[in-house]
Amino acid sequence: MFGQRPADFQLTQAKLAQMATTIDSAALLTYRAARQRDQGRTVTREAAMAKMAATEGAQQVIDAAVQLWGGAGVVHGNVVESLYREIRALRIYEGATEVQQLIIGRDLLKEA
Ligand SMILES: Cc1cc2nc3c(=O)[nH]c(=O)nc-3n(C[C@H](O)[C@H](O)[C@H](O)COP(=O)(O)OP(=O)(O)OC[C@H]3O[C@@H](n4cnc5c(N)ncnc54)[C@H](O)[C@@H]3O)c2cc1C
């Protein structure tokens, strides 16, 4: 693009930074829930936070990946195009995002 690689643009680097941070945030929430569960502790809130952050974050990251690919990102068969379709259901099953929000909100209020 304009004689440069997409990675040379600061906006691309910013997008990559956001994507990596979103992925690491979800991973850390997941490891926290897993560690607490291994310790025999209740992880109602922690597991809900991990599930919500991982699936909502994945949707954002994949959407950003499609954007980085431009028109090629929506061509059938491209890996980001197929991920874009596949990720959508994960925000619904195993407890939809709204249900995770209810679980987290109720748990916070119970503590308060
Ligand atoms: C690809 C896929 C695979 C699946 N695999 C399985 C499986 O293997 N085994 C299995 O048992 N089920 C499976 N399911 C079903 C899945 O668990 C349900 O789709 C999920 O629980 C949501 O239920 P629902 O589709 O009836 O939507 P609904 O419960 O009708 O929800 C519709 C919408 O309302 C929202 N909502 C619900 N309650 C509230 C509330 N109190 N306040 C605000 N909004 C709310 C939801 O978040 C959602 O956005 C699968 C679903 C999909 C899409």
Q) Using a simple charge model, +1 on the beta-carbon of Lys and Arg, -1 on the beta-carbon of Asp and Glu, nothing else, what dipole does the chain show about its Cα centre, in debye to the nearest 20? A) 240 debye
Q) Within region 1-96, which GluC sites (Glu not before Pro) sit in a loop by DSSP and count at most 12 neighbouring Cβ atoms inside 10 Å? A) 94
Q: Between residue 1 and residue 79, take the C-beta separation as r, use R0 = 22 Å, and let me know the FRET efficiency to the nearest 0.05.
A: 0.60
Q: Could you check how much of the accessible area of the chain is carbon and sulfur, as a whole percent, using a 1.4 Å probe?
A: 60 percent
Q.
Given contacts defined as C-alpha pairs under 8 Å and at least six residues apart, what's the relative contact order of region 9-111, whole-number percent?
A. 28 percent
Q | Helix-only CD estimate at 222 nm, as mean residue ellipticity for the chain, using -39500 (n - 2.57) per DSSP H run (n ≥ 4) | A | -24000 deg cm²/dmol
Q) Rank 21, 42 by accessible area, highest first, at a 1.4 Å probe radius? A) 42, 21
Q. Among 17, 101, 75, which residue has its Cα positioned farthest towards the positive end of the charge dipole of the chain, with +1 placed on the Cβ of Lys and Arg, -1 on the Cβ of Asp and Glu, and the dipole taken about the Cα centre?
A. 101
Q. Which value, in Å², gives the accessible area per residue of the chain when a 1.4 Å probe is used on the protein heavy atoms?
A. 69 Å²
(Q) Let me check I've understood the local charge: for residue 105, count other residues with C-beta under 13 angstrom from its C-beta, Lys and Arg +1, Asp and Glu -1. What total comes out? (A) 0
Q: Can you list which of the chymotrypsin sites (Phe, Trp or Tyr not before Pro) found in region 1-46 are DSSP loop residues with at most 12 other C-beta atoms within 10 Å?
A: 2
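The values are calculated or read from the model by the stated rules, or taken from the named source; none is laboratory data. As the structure is a prediction and not an experimental result, all values here were calculated from the model. Ideal geometry is used to build each Cβ from the backbone, glycine not excepted, and the neighbour counts take in all protein chains shown. Protein only, heavy atoms only, side chains kept; ligands, DNA and RNA dropped before computing areas. Shrake-Rupley method; radii C 1.70, N 1.55, O 1.52, S 1.80 Å.
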